[in-house]
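These notes concern the structure reproduced below.
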Amino acid sequence: MPLLRANGVSLAYTDTGTPPGRPDAPTILFAHGLLFGGWMFRPQIDVLRDRYRCVTVDWRGQGETPATASGYDMDTLCDDVESLIQELDLAPVHFVGLSMGGFVGLRLGARRGRLLRSLTVLDTTADGEPRGVARKYTLFAWIYQLLGAAPLRERVLPTLFGPDFLNSRRSEPVVHEWSARLSRSSRTGIRKAILAVAGHAPISDELADIVAPTLVIVGADDNATPRLDAERLVARIDGSALQVVPAAGHTSNLEQPHIVTACLASFLHAVDDEPGDTLETTGSLDGIDHGTH
């Protein structure tokens, strides 16, 4: 995985390049959630790379990006993304961020809208963590630093994934890959990332400044950032749309990859004013609660 020097640090990223025959194809920049890496968007990239240049970034201390002494707060990560976009000459991008990636995406949309063609946030919130949740995350961070992921695995899984997914055989390869990748991460980097999420500042007062076309996606069974959080986003971002994904928890794009990919493809086609019936996706939007504000 290549490293790019951006905002004074080395960031791991992937880049599919422009698809054959589409030299002017727009770029989708994917930003992962806490305890993951850009790899989590592989199901979406496998489909969308035929029409878009697909780029992922790993946050500081997560995935393949080395740990840094500081800079794990959401504002600095926003600076990291801006620098990466500039270094790779990507702007304007379709930004897709899940959970922690959504925290950054909302800041990017509110403060640096010129960089965005559109904004999609999945399973995220504009509010800070409730005090009790922040305390729990802080405890988890220090346990992880001292003992690694093993003691926390069973306590974290129901937060990351919904019950339907965890009770199905579909979860086995995903959870195995997640565990294996996490075990290779820097304990210090993961601790700092968890603490940054635990203490992240709300951005709800800035949502009215987002002008990019915005899609909000949430798993119907997400208990970390539930549907109410998504509805508050849609109420505050003018012209945004809501998609509720059935039988999915906090990591909706891995739990229901075909549905999320179809939602994303439809939205991006509309933004780019392209016909959407030529892209092959497996899955249906039936049963999804559609709503716009």
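Here are some notes:
- Taking each residue of the range 1-15 that is of a type in the set (Val, Ile, Thr) and looking for partners that are part of a loop (DSSP other than H, G, I, E, B) with beta-carbon atoms closer than 6 Å, six or more apart or interchain, yields Val9/Thr68.
- Per-region count, the range 89-119, residues under 15 Å from Pro213 (Cβ atoms), touching a His at 6+ places or on another chain (Cβ under 7 Å) and part of a helix (DSSP H, G or I): 0
- Looking at Leu207, Leu157, Leu215, just one residue is outside any helix (DSSP H, G or I) and at pLDDT 95 or above, and that residue is Leu215.
- Number of the exception - Phe165 against (1) part of a helix (DSSP H, G or I); (2) in contact with a helix residue (DSSP H, G or I) (Cβ under 9 Å, 6 or more places away or on another chain); (3) open to solvent by less than 20 Å² (accessible area, probe 1.4 Å); (4) closer than 17 Å to Gly37 by Cα: (4)
- Just one of the listed residues (Gly38, Gly71) is free of Cβ contacts under 8 Å to residues at least 40 places away in the same chain and among the small types (Gly, Ala, Ser), and it is Gly38.
- Among the residues of the range 84-126, the ones that are closer than 12 Å to Leu29 by Cβ and within 8 Å of the chain's Cα centre (by Cα) come to 3 in all.
- Any hit, the range 71-87, residues being open to solvent by 20 Å² or more (accessible area, probe 1.4 Å), of a type outside the set (A, V, I, L, M), assigned to a loop (DSSP other than H, G, I, E, B) and modelled with pLDDT of 95 or more: yes
- Identity of the residue in the range 13-49, small (Gly, Ala, Ser) and farther than 14 Å from His94 by Cβ, that ends up modelled with the lowest pLDDT: Gly21
- Extreme residue, farthest from Arg187 (Cα to Cα), among residues of the range 41-62 that are among the aliphatic types (A, V, I, L, M) and in contact with an Asp or Glu (Cβ under 9 Å, 6 or more places away or on another chain): Val47
- Checking Asp209, Asp205 one by one, the residue that is closer than 21 Å to Cys78 by Cα and in contact with a Lys or Arg (Cβ under 8 Å, 6 or more places away or on another chain) is Asp209 and no other.
The values are calculated or read from the model by the stated rules, or taken from the named source; none is laboratory data. Here the structure is a predicted model, which means the values were calculated and not measured. Virtual Cβ from ideal backbone geometry, glycine too; neighbours counted across all protein chains shown. With ligands, DNA and RNA removed, areas are computed over all heavy atoms of the protein, side chains included. Shrake-Rupley method; radii C 1.70, N 1.55, O 1.52, S 1.80 Å.
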